[in-house]
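Read-outs: derived from the displayed coordinates by stated rules, not from any lab. Everything numeric here is computed off the predicted structure, so don't read it as measured data. Note: ideal-geometry Cβ built from the backbone for every residue, glycine included; neighbour counts use all protein chains shown.
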């Protein structure tokens, strides 16, 4: 998970893999993604409890499908 | 297995230690801060690290390597807060999440482009991306974000 000065630089990188092209995205895309609730919640005083509740909720949703 | 309230206290302690120092605590420090015997601190640290968060210890040791968004081991993602350089991000993408740990402060990321070695500089404060040098910076990973499950250094 790295930054490059431009799309051209990323494509020129020795470890560029065209099969993962969909993961080449503008900085703003990742800035938004890493602004999600999970990332902000890490500073909650009850983060582990919050995380556990998130997991339980996902499990309940999966069971309900 | 520690109860969730104890895990909350441990997580909060580790996170705050990173915020204040730029690296993680040894388990004996965690234990002392929480009023536990050293061995219980070691076990509690391992439980938090292995809880499924993208954190990990150096293999075969009790040393914290990474505790997102921070890294104890230096990476190419150097973080400065209000002009003071003192932290490393786990990876490029996690560098974008460091700002949530320093509300109201300017978080700067200095990193080299892995293709040409030339600098990339970002500045953020809370919700705002204040500046990006050069324009057109992109993010890329060739693997699944977080790494493929079989290679992931964490569960």
One can check that the equivalent ellipsoid of chain B, built from the alpha-carbon gyration tensor with semi-axes equal to the square roots of five times its eigenvalues, has lengths in Å, largest first, of 30, 18, 13
For the stretch B:78-133, compute the orientation-averaged projected area of the C-alpha convex hull (one quarter of its surface), in nm². 3.6 nm²
Per residue convex hull volume, Cα only, the stretch B:37-115, in Å³ is 120 Å³
Put one equal scatterer on each alpha carbon of chain A, apply the Debye formula with no solvent term, and list log10 I(q)/I(0) at q = 0.18, 0.28, 0.29 1/Å to two decimals. -0.80, -1.15, -1.20
Honestly the protein assembly as shown on the Cα gyration tensor test (a ≥ b ≥ c root eigenvalues; a/c under 1.5 rounded, otherwise a/b vs b/c for prolate or oblate) is just prolate
Asserting the computed 222 nm helical MRE of chain A (DSSP H runs at least 4 long, -39500 (n - 2.57) per run, divided by residue count, to nearest 500) equals -15500 deg cm²/dmol
Quickly estimate the mean residue ellipticity at 222 nm for chain B, helices only: each DSSP H run with n ≥ 4 gives -39500 (n - 2.57), and the total goes over all residues, rounded to 500. -8000 deg cm²/dmol
Fewest first, what order do A:43, B:107 take by the number of other Cβ atoms within 10 Å? A:43, B:107
Sort A:38, B:124 so the one with the fewest other Cβ atoms within 10 Å of its own Cβ comes first. A:38, B:124
Least to most buried among B:91, B:113, B:125, by other C-beta atoms within 10 Å and fewest first, runs B:125, B:113, B:91
Taking a crude spin-label model, label points 7 Å out from Cα along the C-beta direction, the residue B:110 to residue A:44 distance in nm is 3.5 nm
Is the C-alpha gyration tensor of the stretch B:4-67 telling us rounded, prolate or oblate? Criteria: a/c under 1.5 is rounded; beyond that, a/b larger than b/c is prolate, otherwise oblate. rounded
